[in-house]
Amino acid sequence: MDHKANDGLVSAEANLLGKLSHVVFCGMAGRSQNRLVVRFWIITMMLVLVGLSTLKLR
Amino acid sequence: MLLELAQWLAKDIRAFNVFGYITLRAVLACLTALLITFVIGPALIRRLTAYKIGQAVRDDGPRSHLTKAGTPTMGGALILAAVTITVLLWADLQNRLVWIVLWVMIGFGAIGWIDDYRKVIARNPKGLSARAKFFWQSVIGLTAACYIAFYSNLPAQTEFIVPFFKQLAYPLGAFGFIVMTYFVIVGTSNAVNLTDGLDGLAIMPTVMIGSALGVFAYVAGHAVFSKYLGFPYIPGAGELTVICGAIAGAGLAFLWFNAYPAEVFMGDVGALALGAALGAIAVIVRQEIVLFIMGGVFVVETLSVVLQVASFKLTGKRIFRMAPLHHHYELKGWKENQVVVRFWIITMMLVLVGLSTLKLR
């Protein structure tokens, strides 16, 4: 019973991730993996900068 | 401009005093330059593509580069526009050091623009002649060097600082300072230009080194921090942090379009200008050797060309499979993005070594 319920949970998660990745990546269709990776790095760097700005902005 | 506006508004609303902080304006400059580049970037790439302003690829280069032929170039104009607009918005325009860096950056950008224009639009493969390019680089570099030398108020502003040693500083005198400043600005500019041969190879180290120089500028311009860390105090140098923030923001946003496979190249207009700006900032904050360390990738790329040419002329043999060095590794079998990311990693390490000189002295 537990095992089955767990399976259902995993497949639901996988389904959700699949949908999420579709949402995230559909705008980048046809672009190379490298470009995608670098763009995600850039987004992270910007978020880190925003995080660091909270040192002063309070 | 926004600083003046904030100061005027702060008379009635004290909250606007927050814009007086250099750190906040540097972060805002970074975000503003990033936004400007993101907004203008796609339209500029479309326009460059429509006008067929495409890069010519060297015939003797790696074969994998032949697919790059026709990729829009002169995208560096976008970086220059974003940095200039941002600096005019967020920096203190009463500060003469800000104007010196802008003068050097725009001046070298203009040389690069003319060179790119002749090569790409006028279809003249030689572009601007090497002699003319060197002459105008010298004019701009020497003008900036003379201005900094003759308007420096303190001896520390023209001393040669040796990193890792607290007490070691050589007074250069006006002439020595001008000569060194000239070589640092022109050398860095050309080194970045030589490195700009693979997608994203030049811009990311520029962003990292620019950010690190921002830290040095902040320390040098802060009386308390500079005294605590044993750095020469350079009044007004802190404002250069805003320029460094703008370079980092515009550079990162440009990388968005320049990452492999690139949608646009920066061209000489961007590479010469950014290199010269880094050189000028390093000279003003008295960190030439630290720039040499952090820009190790630029240095090695330049040395590879010098050694290759010297070796071929003297012995008829080549040291590298191809110069600059990034092509050597490509011909050894590394993928283009492997070379690029590995050179970024090396730069990150070198920047950390450079930043460690803040405390290790």
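The values are calculated or read from the model by the stated rules, or taken from the named source; none is laboratory data. If you're wondering where the values come from, they're calculated on a predicted model, not measured in any experiment. Virtual Cβ from ideal backbone geometry, glycine too; neighbours counted across all protein chains shown. Ligands, DNA and RNA are stripped out before the accessible areas are found, and what is left, the full protein with its side chains, is counted by its heavy atoms. Shrake-Rupley method; radii C 1.70, N 1.55, O 1.52, S 1.80 Å.
Odds and ends about this structure:
- Modelled label positions at B:Q7 and B:A56, each set 7 Å beyond Cα in the direction of Cβ, lie 5.0 nm from each other.
- Taken along its three principal axes, the alpha carbon spread of the stretch B:203-309 comes to 46, 34, 18 Å, from the longest extent down to the shortest.
- Figure note: B:R47, B:R25 ranked by solvent-accessible area, largest first, 1.4 Å probe, ligands and nucleic acids not counted: B:R47, B:R25.
- For chain B, alpha-carbon Rg and Dmax in angstrom: 20.3, 74
- When the helices of the protein assembly as shown are scored as -39500 (n - 2.57) per DSSP H run of n ≥ 4 and the total is divided over every residue, the value at 222 nm lands at -22500 deg cm²/dmol.
- Fraction in percent of alpha-carbon pairs per bin - 5 Å, the stretch B:3-129: 2, 9, 14, 16, 16, 12, 10, 8, 6, 4, 2, 1, 0, 0
- Legend: Rg and Dmax of the protein assembly as shown, from Cα coordinates, 22.9, 86 Å.
- Average other protein chain Cβ within 10 Å of Cβ, residues B:255-265: 3
- Summed over the residues of chain B and divided among them, the accessible surface reaches 44 Å² per residue at a probe radius of 1.4 Å.
- Percent accessible area from carbon and sulfur atoms, the protein assembly as shown, protein chains only, probe 1.4 Å: 68 percent
- Put simply, chains B and A cover up around 1600 Å² of each other's accessible surface, both sides summed, when a 1.4 Å probe is used.
- Taking Cα centre as origin and charging only the Cβ of basic (Lys, Arg, +1) and acidic (Asp, Glu, -1) residues, the dipole magnitude of the protein assembly as shown rounds to 540 debye.
- Here the spin labels are modelled as points 7 Å beyond Cα on the Cα-Cβ line, and at B:W99 and B:S152 they lie 2.0 nm apart.
- When the Cα gyration tensor is reduced to axis lengths a ≥ b ≥ c, the ratio a/c is 1.5 or higher for the stretch B:51-124, and with a/b above b/c it is classed as prolate.
- Scattering curve values for the stretch B:134-238, log₁₀ I(q)/I(0), Debye with Cα scatterers, q = 0.10 Å⁻¹: -0.35
- Ranking B:W103, B:W136, B:F150 by Cα position along the charge dipole of the stretch B:101-184, where only Lys, Arg, Asp and Glu carry charges on their C-beta atoms, puts B:W136 farthest toward the positive end.
- In the structure shown, the pairs B:K133/B:K317; B:K313/B:K335; B:K52/B:K332; B:K119/B:K335; B:K11/B:K227; B:K68/B:K332 are assessed against 26 Å; a Cα-Cα span above that value is assigned to B:K133/B:K317; B:K313/B:K335; B:K52/B:K332; B:K119/B:K335; B:K11/B:K227.
- Stokes-Einstein translational diffusion, the stretch B:42-93 - Kirkwood Rh over all Cα pairs, 0.692 mPa s, 37 °C, in µm²/s: 252 µm²/s
- Scalar couplings 3J(HN,Hα) for the stretch B:307-321, obtained by applying the Karplus form with A = 6.51, B = -1.76, C = 1.60 to θ = phi - 60°, are 5, 4, 5, 4, 5, 5, 6, 7, 10, x, 10, 9, 7, 9, 4 Hz; x denotes Gly and Pro.
- Tensor-based shape of the stretch B:177-256 (alpha-carbon gyration tensor, a/c under 1.5 rounded, otherwise prolate or oblate): oblate
- With respect to chain B, whose longest principal axis is taken over its alpha-carbon atoms, helix B:22-50 is tilted by about 30°.
- Averaged over A:34-43, number of beta-carbon atoms from partner chains that fall within 10 Å: 6
- What you get for the stretch B:1-77, charging only the Cβ of Lys and Arg (+1) and of Asp and Glu (-1), is a dipole of about 200 debye around the Cα centre.
- ³J(HN,Hα), Karplus 6.51/-1.76/1.60, whole Hz, each residue of the stretch B:101-111, x for Gly, Pro: 5, 4, 4, 5, 5, 5, x, 5, x, 5, 4
- Overall form of the stretch B:300-353 per C-alpha gyration tensor (a/c, 1.5; a/b vs b/c): oblate
- Across the stretch B:159-210, the volume of the C-alpha convex hull divided among the residues equals 83 Å³ per residue.
- Share of Cα-Cα pairs in the stretch B:71-216 lying beyond 21 Å, as whole percent: 53 percent
- Unit charges at the beta carbon, dipole of the stretch B:136-293: most positive-side option, B:F225, B:G275, B:I247: B:F225
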